[in-house]
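Written below as structure tokens is the structure these notes are about.
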Amino acid sequence: MKLASLKHGRDGKLVVVSNDLAWCADAGHIAPTLQAALDDWDRLEPDLRNLATDLEHEVIPRDRFHEHAAAAPLPRAYQWADGSAYVNHVALVRQARAAEMPDSFWHDPLMYQGGSDGFLGPRDAIPLADESWGCDLEAEVVVVTGDVPLGASRDEALAAVRLVGLTNDVSLRNLIPGELSKGFGFFQSKPASAFSPVFVTPDALGDWWRDGKLHRKLNVDLNGQPFGRAEAGEDMNFDFSTLVAHAAKTRRLGAGTIVGSGTVSNRGPDGGPGKPIAEGGVGYSCLAEVRTIETITGGQAVTPFLKKGDTVRIWAEDDRHHPIFGVIEQTVE
């Protein structure tokens, strides 16, 4: 089952979307918003699934699904917790700035609590007031949970995953060092993130969703050129059962909590840093990583951060090369 929110007020209007992303059906008679559906998931999910089935069989009124009309599936959420499951990415970034890599990073996930009071839609522009802030894309996988009890086990955490999707977690890299030096975490350096047009129930992903990971290639284009083709299911040190359980260690998580994987990052075949696509590698899911490798190998970064007019495109495909979650496509303004 695929769910989306059309732009409408603060919280959008819930629709079910056909598997090919061509059509949608109003789900307002079941739940007005996705958050309302998540709040009462056990009771409402069967009705939503029946609606999705009727949509596929073309036996109910339907409308064309236009991704430009879509808000983030959760236009605002009670909680947005972003992890860093691909430790290769963390290790490279820290190496470039000569920061020590604590051993705990390999067995205890990093996680921060981001702003969730307003997300960008999949085709909304990335607002950037000052290019000197170092605007970066970050292509990630996300899950949305139902209620998760305090101290949940990994099995309980995985069972609480209701939906899977993608995000562009925008970062302002040049603001990060100053904020982290204060010892109080991200704030100004983490503006609003954008999410894929649709979120998908795990069962609809079949074998692509197993062991708490999305086993698909995460495609990233920058200004129309291939930039990243990393495998989301590889080199993921912490699966989503671990990330969700980590978040619930000292608090319960409310339905509608979004948990991110952090930037998807693959090692090179030799275990070292990955290579650009043009050199036979799988590329990168953020600019900071390629700049880091440039710094390590050449002494300085040469790839620029995003500037006004740049366009980012993020998506994952099925076996027929059709987008599974729709496409995030944003231009910096």
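The values are calculated or read from the model by the stated rules, or taken from the named source; none is laboratory data. In this text, all values refer to a predicted model and were calculated from it rather than measured experimentally. Positions of Cβ are backbone-derived with ideal geometry, glycine not excepted, and every protein chain shown enters the neighbour counts. Keep in mind that these areas ignore ligands, DNA and RNA; they rest on the heavy atoms of the full protein, side chains included. Shrake-Rupley method; radii C 1.70, N 1.55, O 1.52, S 1.80 Å.
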| field | Helix 87-96 axis, angle to the chain major axis (alpha carbon atoms, nearest 10°) | value | 30
| field | Cα-based helix-to-principal-axis angle, 287-298 vs the chain, degrees rounded to 10 | value | 20
| task | Scan the range 1-76 for trypsin sites (Lys or Arg not before Pro) in coil per DSSP, keeping those whose Cβ has at most 13 other Cβ atoms within 10 Å, and list them by number. | result | 10
| query | For the range 162-321, what D do you get in µm² per second when you plug the Kirkwood radius from alpha-carbon pairs into Stokes-Einstein at 20 °C and 1.002 mPa s? | reply | 123
| Given Cα pairs under 8 Å that are at least 6 residues apart, what percent is the relative contact order of the range 164-234? | 25
| ³J(HN,Hα), Karplus 6.51/-1.76/1.60, whole Hz, each residue of the range 237-250, x for Gly, Pro | 5, 10, 6, 5, 5, 5, 5, 5, 5, 4, 5, 8, 4, 10
| task | Take the chain, connect every pair of alpha-carbon atoms lying under 10 Å apart with a spring to form a Gaussian network, then pick out the residue of 32, 61, 73 with the largest mean-square fluctuation. | result | 61
| the range 255-333, accessible area per residue, ligands and nucleic acids excluded (1.4 Å, Å²) | 42
| field | Mean ellipticity per residue at 222 nm, deg cm²/dmol - from DSSP H runs of n ≥ 4 across the chain, formula -39500 (n - 2.57) | value | -5500 deg cm²/dmol
| field | In the range 155-239, trypsin sites (Lys or Arg not before Pro) in a DSSP loop with at most 16 other beta-carbon atoms within 10 Å | value | 182
| Ratio of Rg to Rh over the range 101-145 (Cα coordinates, Kirkwood Rh, two decimals) | 1.04
| Counting alpha carbon pairs within less than 8 Å and at least 6 residues apart, what relative contact order, in whole percent, applies to the chain? | 22
| task | Enumerate by residue number the GluC sites (Glu not before Pro) in the range 55-87 meeting two conditions: DSSP loop (anything except H, G, I, E, B), and at most 12 other Cβ atoms within 10 Å of the site's Cβ. | result | 58
| query | Non-local amide H neighbours of residue 283 (under 5 Å, H modeled in plane, Pro and chain starts lacking H): which ones? | reply | 229, 275, 277
| said: What does the charge count around residue 32 come to, taking other residues whose C-beta lies under 12 Å from its C-beta (Lys +1, Arg +1, Asp -1, Glu -1)? | reply: -2
| Kirkwood Rh and Cα Rg combined as Rg over Rh, evaluated for the range 200-280 | 1.03
| task | Using only C-alpha positions, report the orientation-averaged shadow area of the convex hull of the chain, nm², one decimal. | result | 16.4
| task | Which order do the peptides 135-142, 102-109 take when ranked by the mean count of other beta-carbon atoms within 10 Å per residue, highest first? | result | 135-142, 102-109
| remark: Of every hundred units of 1.4 Å-probe accessible area on the chain, the number belonging to carbon and sulfur atoms, as a percent, is 49
